[in-house]
Amino acid sequence: MNNAHLIISAVSMDFTNPDGSTFRALQNVDLAVSKGEFISIIGHSGCGKSTVLNIVAGLYQATLGGVILNGREVSQPGPGRAMVFQNHSLLPWLTAYENVELAVRQLFKSHKSQAEMRDWVEHNLSLVHMTHAMHKRPDEISGGMKQRVGIARALAMEPEVLLLDEPFGALDALTRAHLQDSLMEIQASLGNTMMMVTHDVDEAVLLSDRIVMMTNGPAASVGKILQVALPRPRERVKIAESPEYNHCRHQVLKFLYQRHGATQEPTPADAVASDKALSKVTPLNPDEKKTQVLNMAS
Amino acid sequence: MNTQVMNDRPVLLDRLALNLGSKPIAWLRALAAPASGILLFLLIWHLAAPTVVTSLGTVPGPVQVYQQFRALVAEHRAERQKEKAFYLRQEKRNAIKLAKNPDTRIRIRKYTGNPTFFDQIVTSIYTVMAGFLLASLIAIPIGIVAGLSKPVYAAINPLVQIFKPVSPLAWLPIVTMIVSASYVTDDPWFEKSFLNSAITVLLCSLWPTIISTAVGVTNVSKDLQNVSRVLRLNWWTHVRKIVLPSAIPMIFTGLRLSLGIAWMVLIAAEMLSQNPGLGKFVWDEFQNGSSNSLGRIMVAVIVIGLIGFLLDRIMLLLQRKVSWDKSVALR
Ligand SMILES: Nc1ncnc2c1ncn2[C@@H]1O[C@H](COP(=O)(O)OP(=O)(O)O)[C@@H](O)[C@H]1O
Ligand SMILES: [Mg+2]
């Protein structure tokens with residue numbers, strides 16, 4: 001567990017209210033993530049899911065505890081971590097291409113030529129199927145397309161850890177399904193570690209290796225961790241009939257309904273369960289993925 | 001009633017200018033309301049003016065004011081004729097001198113006629129633009145830095161709050177003293193009077209731009225600031241790609257306020273210090289006290305208003321050119 005790729009260790013987070021009092025949003029959040037794993041964080045609105053992601057991104061500093069990535073503590077945003085924001089957060093005055101280019105320039109201007117950078121921007125836009133509209137500005141494309149560009153921008157940073165904050169929350173079901181499929185494809189080929197906040201149970205089960213269920217705030221914590229033992233690649237239609245899928249779905253729903261409105265500390269049993277779940281993770285072969293990344297990039 | 005119509009005028013003119021460029025029919029319809037507003041105003045003016053008697057006779061109506069305008073145009077033409085004639089005579093004289101003795105050193109003397117109304121307009125516009133542009137060049141960077149850094153903002157804020165309400169009339173003596181003490185050259189690039197006016201304008205038009213720019217910069221959306229941090233943009237890229245585009249609307253709000261103030265301040269400064277420009281024209285006519293003076297001052301008032309309005313429109317056009325969001329309602 002100590003040599004895990006990404007460790008969130010005993011993180012507590014206090015916010016200062018405008019009146020000067022403090023508000024404890026997170027209390028003792030613990031999570032260990034292996035390389036290449038897909039983690040979903042699910043929980044009721046306002047419980048602190050975004051806060052967890054922001055701490056991992058380095059945008060917030062945990063009040064207590066900390067985040068360790070590859071053995072080093074995270075204290076600020078870094079090149080290994082990219083974020084897909086809840087409301088796309090594209091710069092409205094730049095085209096899709098320029099939005100991605102901004103990230104690429106910042107990261108690679110010293111080791112890539114102009115032509116290489118252009119190819120890299122276009123490559124990432126093609127990963128999310130946005131080549132056709134890459135010279136349009138955000139206000140000229142649909143919500144789903146904006147979210148795609150946001151993903152391309154994050155991917156272009158070649159992150160080891162990709163953080164996604166309710167990336168498909170505001171989209172219609174069909175668009176969401178398309179983007180979920182794209183995301184699975186991308187993860188299969190690039191092998192990034194993914195942490196995604198969602199409030200959609202089906203989405204969590206379909207995409208995740210593990211689902212982290214958070215208790216309600218204030219002082220929210222990890223309530224329960226559920227292993228999703230579905231084989232990959234996953235096809236949404238086939239999977240929907242499998243007993244494991246329905247079992248997982250049921251578990252998550254049960255948790256969400258039980259905890260609704262109640263503030264509960266995680267029980268020792270929960271902690272044991274999460275440890276077991278972690279040991280069950282079957283690491284995907286990292287070498288295999290590296291070569292794939294290289295193939296994609298060349 | 002009279003003031004009511006006056007208050008409506010800028011709005012009407014606003015609509016008028018905004019709707020240019022659409023189809024002719026829509027054009028006419030758009031023009032109908034503003035035109036009737038102006039006509040009504042002229043009518044009331046025409047009827048009310050003769051009833052007010054001053055020491056210089058009755059207050060001129062629109063017709064007399066228009067006649068004064070024509071007279072000012074005629075004076076301007078006459079003055080230009082005189083100037084031309086002056087230089088022609090001088091050239092002829094010089095040619096004769098040269099013919100007698102090729103070694104004569106020719107000195108070209110400048111024409112020193114009185115500046116006409118239109119010369120004063122040019123001087124005023126030139127001065128206001130100089131003061132305003134310089135003020136903007138100083139104020140926008142200060143505003144950006146103040147908006148980005150809380151300590152800088154805290155340091156600057158009290159100064160801005162104290163200097164902002166200072167009337168131009170209070171600045172003027174200080175500026176005049178300092179300029180005459182420190183600007184001593186034999187071959188001046190600028191007239192001292194120009195410097196006095198321009199610096200006074202500058203001092204009064206700094207503040208709205210600083211404040212608006214700082215507010216615009218502080219209000220850059222939290223999401224975009226997070227994007228900038230996750231992408232780890234360096235300071236300069238952050239300012240160029242995120243801060244400036246976000247703050248453009250507020251910067252222009254400040255610039256338009258500043259330019260409005262600059263124009264008002266300039267006229268006042270010119271009146272007070274007898275510096276060349278429209279303000280001096282008004283003051284001279286007031287001192288002159290002929291039967292035409294009131295009419296001529298009214299011409300100046302209307303021209304001052306029109307130029308102020310035009311300056312604001314130019315800023316709007318500039319904003320539309322610079323802003324990424326062409327759809328925002330620009331008013
Ligand atoms: N910057 C902040 N300042 C103060 N309170 C915050 C801040 N960010 C989040 N919170 C509070 O922390 C709690 C968790 O917020 P968040 O992580 O956004 O929830 P979620 O993403 O799960 O909906 C909420 O009660 C929210 O009001
Ligand atoms: Mg959230």
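The values are calculated or read from the model by the stated rules, or taken from the named source; none is laboratory data. Owing to the predicted nature of the structure, the values given are computational and were not obtained by experimental measurement. Cβ placement follows ideal geometry from the backbone for every residue including glycine, while neighbour counts extend to all protein chains displayed. All accessible areas refer to the heavy atoms of the entire protein, side chains included, with ligands and DNA or RNA removed. Shrake-Rupley method; radii C 1.70, N 1.55, O 1.52, S 1.80 Å.
Some observations on this one:
- Take the conditions (1) more than 14 Å from chain A (Cβ to nearest Cβ); (2) open to solvent by less than 20 Å² (accessible area, probe 1.4 Å); residue B:274 misses just one of them, which is (2).
- Residue match in region B:238-248 (condition: out of contact with any Lys or Arg (no Cβ under 7 Å at 6 or more places or on another chain), at positive phi and within 14 Å of chain A (Cβ to nearest Cβ)): no
- The set of residues in region A:38-55 being more than 13 Å from ligand 2 (Cβ to nearest atom) and among the small types (Gly, Ala, Ser) consists of A:40 alone.
- Scanning region A:20-43 for residues that are without any contact (Cβ under 8 Å) to a residue 12 or more places away in the chain and more than 12 Å from ligand 1 (Cβ to nearest atom) yields a count of 1.
- Taken as a whole, the structure leaves residue A:205 outside the set of residues that are within 16 Å of ligand 1 (Cβ to nearest atom), more than 14 Å from chain B (Cβ to nearest Cβ) and open to solvent by less than 20 Å² (accessible area, probe 1.4 Å).
- Answer residue from region B:125-141, given it is among the hydrophobic types (A, V, I, L, M, F, W, C) and either touching a Ser or Thr at 6+ places or on another chain (Cβ under 8 Å) or not in a helix (DSSP H, G or I) (or both) and is most open to solvent (accessible area, probe 1.4 Å) among those: B:140
- Among (1) in a helix (DSSP H, G or I); (2) within 16 Å of ligand 2 (Cβ to nearest atom); (3) over 14 Å from the mean Cα position of the chain (by Cα) - the single one residue A:149 does not satisfy: (2)
- Of all residues in region A:154-173 being part of a helix (DSSP H, G or I) and either within 16 Å of ligand 2 (Cβ to nearest atom) or open to solvent by less than 10 Å² (accessible area, probe 1.4 Å) (or both), the one that is nearest to the other protein chains (Cβ to nearest Cβ): A:154
- Identity of the residue in region B:249-269, of a type in the set (Val, Ile, Thr) and under 16 Å from residue B:218 (Cβ atoms), that ends up nearest to the other protein chains (Cβ to nearest Cβ): B:251
- Which listed residue, of B:313, B:232, B:296, is of a type in the set (Lys, Arg), in contact with a helix residue (DSSP H, G or I) (Cβ under 8 Å, 6 or more places away or on another chain) and within 14 Å of chain A (Cβ to nearest Cβ): B:232
- Some residue of region B:209-226 being of a type in the set (A, V, I, L, M) and within 14 Å of chain A (Cβ to nearest Cβ): yes
- Among the residues listed as B:314, B:304, the single one being in a helix (DSSP H, G or I), surrounded by fewer than 18 Cβ atoms within 10 Å (Cβ to Cβ) and not small (Gly, Ala, Ser): B:314
- Among the residues of region A:1-36, the one identified as within 12 Å of residue A:48 (Cβ to Cβ) and in contact with a Lys or Arg (Cβ under 6 Å, 6 or more places away or on another chain) is A:14.
- Screening region A:42-99 for residues that are polar (S, T, N, Q), assigned to a loop (DSSP other than H, G, I, E, B) and within 30 Å of residue A:136 (Cα to Cα) and picking the one that is farthest from the other protein chains (Cβ to nearest Cβ) gives A:95.
Residue by residue, here is whether (1) within 16 Å of ligand 2 (Cβ to nearest atom); (2) open to solvent by 10 Å² or more (accessible area, probe 1.4 Å); (3) out of contact with any Leu (no Cβ under 9 Å at 6 or more places or on another chain) holds:
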{"site": "A:6", "(1), (2), (3)": "no, no, no"}
{"site": "A:20", "(1), (2), (3)": "no, yes, yes"}
{"site": "A:33", "(1), (2), (3)": "no, no, no"}
{"site": "A:36", "(1), (2), (3)": "no, no, no"}
{"site": "A:57", "(1), (2), (3)": "yes, no, no"}
{"site": "A:63", "(1), (2), (3)": "no, yes, no"}
{"site": "A:72", "(1), (2), (3)": "no, yes, yes"}
